[in-house]
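The values are calculated or read from the model by the stated rules, or taken from the named source; none is laboratory data. As the structure is a prediction and not an experimental result, all values here were calculated from the model. What goes into the accessible areas is simple: the full protein's heavy atoms, side chains included, and nothing from ligands, DNA or RNA. Shrake-Rupley method; radii C 1.70, N 1.55, O 1.52, S 1.80 Å.
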Amino acid sequence: MIVCICNNVSDRKIRQAVAAGITTMVELRDHLDIGTCCGKCHPSAKRILRDCLDEAAPTQSQPHPAQTQVHPLVFHASALAA
């Protein structure tokens with residue numbers, strides 16, 4: 001399916017770019033020129049990018065490092081010994 005009519009970018013091209021290491025809309029824009037003309041494709045391109053990244057993400061049982069929270073009052077034992 002064509003996502004960006006102005007620059008003839010398909011969802012397949014977006015998926016290939018993500019498979020090659022693209023992870024942000026800025027990188028996608030720089031790589032494929034998507035969203036550089038009228039901008040109407042930006043929401044669809046962003047959704048496809050997010051879907052591709054979600055598919056490649058670890059399972060729910062293994063939280064992403066950015067989602068891991070550390071309680072501020074938890075101290076490491078070596079810090080107390082100092």
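Would you pick out the residues in the range 1-27 that are within 17 Å of residue 56 (Cα to Cα) and in a helix (DSSP H, G or I)? Answer for the range 1-27, where residues must be within 17 Å of residue 56 (Cα to Cα) and in a helix (DSSP H, G or I): 11, 12, 13, 14, 15, 16, 17, 18, 19, 25. The sole residue among 57, 79, 66 that is at pLDDT below 95, under 12 Å from the mean Cα position of the chain (by Cα) and either aromatic (Phe, Trp, Tyr) or open to solvent by less than 90 Å² (accessible area, probe 1.4 Å) (or both) is 57.
Within the range 1-39, the set of residues being small (Gly, Ala, Ser) and open to solvent by 70 Å² or more (accessible area, probe 1.4 Å) comprises 19, 20.
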